[in-house]
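Heads up: the structure comes next, in structure tokens.
Any read-out appearing in this document is the output of simple, stated calculations on the displayed coordinates, not a laboratory observation. If you're wondering where the values come from, they're calculated on a predicted model, not measured in any experiment. Note: ideal-geometry Cβ built from the backbone for every residue, glycine included; neighbour counts use all protein chains shown.
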Amino acid sequence: MSEIMVEAKDLVKTYKTGQVEVKALRGVNLTVRKGDMIAIMGPSGCGKTTLLNILSGLDDATSGTVMIEGQDLSQMSDNQKTEHRAKRMGFIFQFYNLLPVLTAIENVEMPLLVSGSSAKEAREQAIEIMRVVGLEEVMHSKPGALSGGERQRTTIARALISKPAIIWGDELTGDLDDETANTIMDLVARLRKETQATFVIVTHNPEVGKRADKILYMRSGQFVREEKNV
Ligand SMILES: Nc1ncnc2c1ncn2[C@@H]1O[C@H](COP(=O)(O)OP(=O)(O)OP(=O)(O)O)[C@@H](O)[C@H]1O
Ligand SMILES: [Mg+2]
């Protein structure tokens, strides 16, 4: 058995807006091992994004614990969490939009520049990863001039450039047609082999779910069933 990347115990999340309480998570337990790809599926509003936000330390649970690579998130300061995210995590979220005024490659190299790499170093690594995702021809285009699949590959390149140990994906093939979604998932499969990165992804697409090692089905803030893919 390989080492544990993520361990969540009894996660509960209650949102309070005015007088209204929403129980978004009602006791979620999860273990993710290094190199695993886990897909989370379930109806809209069942708590998938809430769970990813809490597992990655973007939001706090109401109760329960999250251990990431042996570290308890609740024991880390906001700065420590931010640093851990920058160094160890990649995000492929729809709200992590590409900046429209920058070219694709400028978007991709941004995480490296932010974390202190030199411009030259960042550009070299960005070119390399743009090759990996098959975007070398269009890397100087702005996102507005790219297709949906190319934009999504740019987002993936940006998530992967800092060689994260764990990648969180929320609908990483969301707006794409089946063929493009498949191309993206082929790319993810190749990157997994090359980097042994761990993936936890939310998807509505059963074809994407099948590519994971395990599908966890969620309903009303709980996992109700799991399915192992062989
Ligand atoms: N910031 C918030 N404040 C109040 N309620 C929230 C907040 N974020 C989410 N919720 C509520 O928590 C529940 C779970 O939301 P969440 O976004 O996790 O669902 P989801 O499974 O990701 O849905 P979708 O598939 O539509 O993205 C929903 O009832 C939602 O309305
Ligand atoms: Mg969501």
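Ordering 166-172, 176-182 by mean Cβ neighbour count within 10 Å, with the highest value first, yields 166-172, 176-182. Other residues whose C-beta falls under 10 angstrom from the C-beta of LEU52 contribute a net charge of -1, scoring Lys and Arg +1 and Asp and Glu -1. Using a Gaussian network model of the chain whose springs link C-alpha atoms within less than 10 Å, name the residue from SER118, SER74, SER141 with the highest mean-square fluctuation. So, out of SER118, SER74, SER141, the one fluctuating most is SER118. For the options PRO206, PRO111, PRO143, a Gaussian network treatment of the chain with springs between C-alpha atoms closer than 10 Å singles out PRO206 as fluctuating the most. Remark: the THR62-ARG26 segment gains 12.0 nm on full extension, using 0.36 nm per residue and subtracting the alpha carbon distance.
Listing VAL6, VAL132 from fewest to most neighbouring C-beta atoms within 10 Å gives VAL132, VAL6. Count Lys and Arg as plus one, Asp and Glu as minus one, and take only other residues whose Cβ is under 10 Å from that of ALA122; the net charge is then -2.
Rg/Rh, computed from the Cα trace of the chain with Rh as the Kirkwood radius, has the value 0.96. When DSSP beta bridges are restricted to pairs lying wholly in the range 4-228, around 60% turn out antiparallel.
In this simple spin-label model, placing a label point 7 Å from the Cα along the Cα-to-Cβ direction at both SER74 and LYS142 gives a separation of 4.7 nm. The C-alpha atoms of the chain define a longest principal axis, and helix 78-88 lies at about 50 degrees to it.
Between GLN94, GLN19, GLN80, the GNM of the chain built on Cα springs shorter than 10 angstrom shows GLN19 fluctuating the most. Secondary-structure-derived ellipticity at 222 nm for the chain, considering helices only, amounts to -10500 deg cm²/dmol, per-run term -39500 (n - 2.57) for DSSP H runs with n ≥ 4. The gain in end-to-end length when the LYS87 to VAL101 segment is fully stretched comes to 2.5 nm, 0.36 nm per residue minus the alpha carbon separation.
Going from the residue with the fewest nearby Cβ atoms within 10 Å to the one with the most, LEU25, LEU187 rank LEU187, LEU25.
Relative to the dominant Cα principal axis of the chain, helix 148-160 is inclined by about 80°. Net charge of the neighbourhood of TYR217, taken over other residues with C-beta under 15 Å away and scored Lys/Arg +1, Asp/Glu -1, is +4.
Each label was represented as a point 7 Å from its Cα along the Cα-to-Cβ direction; for GLU226 and GLU179 these points are 3.7 nm apart.
Karplus-derived 3J(HN,Hα) values for the range 50-63, using 6.51 cos²θ - 1.76 cosθ + 1.60 with θ = phi - 60°, are 4, 5, 4, 4, 6, 4, 8, x, 6, 9, 9, 6, 6, 8 Hz; glycine and proline are entered as x. Excluding same-chain neighbours fewer than eight residues apart, the lysines reachable from LYS142 by a Cα-Cα span under 28 Å are LYS87, LYS120, LYS163.
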